[in-house]
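Student: One structure is given below, represented as structure tokens, and several questions about it will come after.
The values are calculated or read from the model by the stated rules, or taken from the named source; none is laboratory data. Since this is a predicted model, take the numbers as computed values, not measurements. Using ideal geometry, Cβ is built from the backbone for each residue, glycine included, and neighbour counts are taken over all protein chains shown.
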Amino acid sequence: METEIVYFAQAFHRGEPEQRSYVIAVGTLDVVNRLALAEQHKHPEYGVAVYKTVVDQPTTTHAHLVQYYSSESGEHWTDHHSRGLKHGLLE
């Protein structure tokens, strides 16, 4: 059985993932990336992360950052793993 990969984009208000975030798109990398960029241009106060994950698996253990578009604040999101945080770190 082949592992199915899916991509998703999530917006974070000024890098505050726990307070105001929402999923923008789910699908192929090209489509998700295009929609992520369009959303970030519409709402520059939001940073947008694009993740790669595996279908039918928990994102807490299978999501990896592919791209991060910073908000107007200029924060960075990296794919460095830390204890209790599998998807990335906000810098």
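Student: Looking at (1) modelled with pLDDT of 90 or more; (2) loosely packed, with under 15 Cβ neighbours inside 10 Å, which one does Val48 not meet, given that it meets all the others?
Tutor: That leaves (2) as the condition not met.
Student: For Ala9, all conditions in the list (1) touching a Gly at 6+ places or on another chain (Cβ under 9 Å); (2) of a type in the set (Gly, Ala, Ser); (3) modelled with pLDDT of 75 or more; (4) crowded, with 17+ Cβ neighbours inside 10 Å hold save one; what is the number of the exception?
Tutor: Every condition holds for Ala9 apart from (1).
Student: Restricting the first residue to region 54-69 and requiring it to be polar (S, T, N, Q), which pairs with a second residue that is modelled with pLDDT of 85 or more and surrounded by 11 or more Cβ atoms within 10 Å (Cβ to Cβ) meet a Cβ separation below 8 Å and a spacing of at least six or different chains?
Tutor: Thr59/Tyr51; Thr59/Thr53; Gln67/Asn33; Gln67/Ala36; Gln67/Ala49; Gln67/Val50
Student: Tell me which residues, restricted to region 41-52, are under 12 Å from the mean Cα position of the chain (by Cα) and closer than 16 Å to Ser21 by Cβ. Before you say what the answer is, go through the steps one by one.
Tutor: Going residue by residue through region 41-52, those that are under 12 Å from the mean Cα position of the chain (by Cα) are 46-52.
Correct list: Tyr46, Gly47, Val48, Ala49, Val50, Tyr51.
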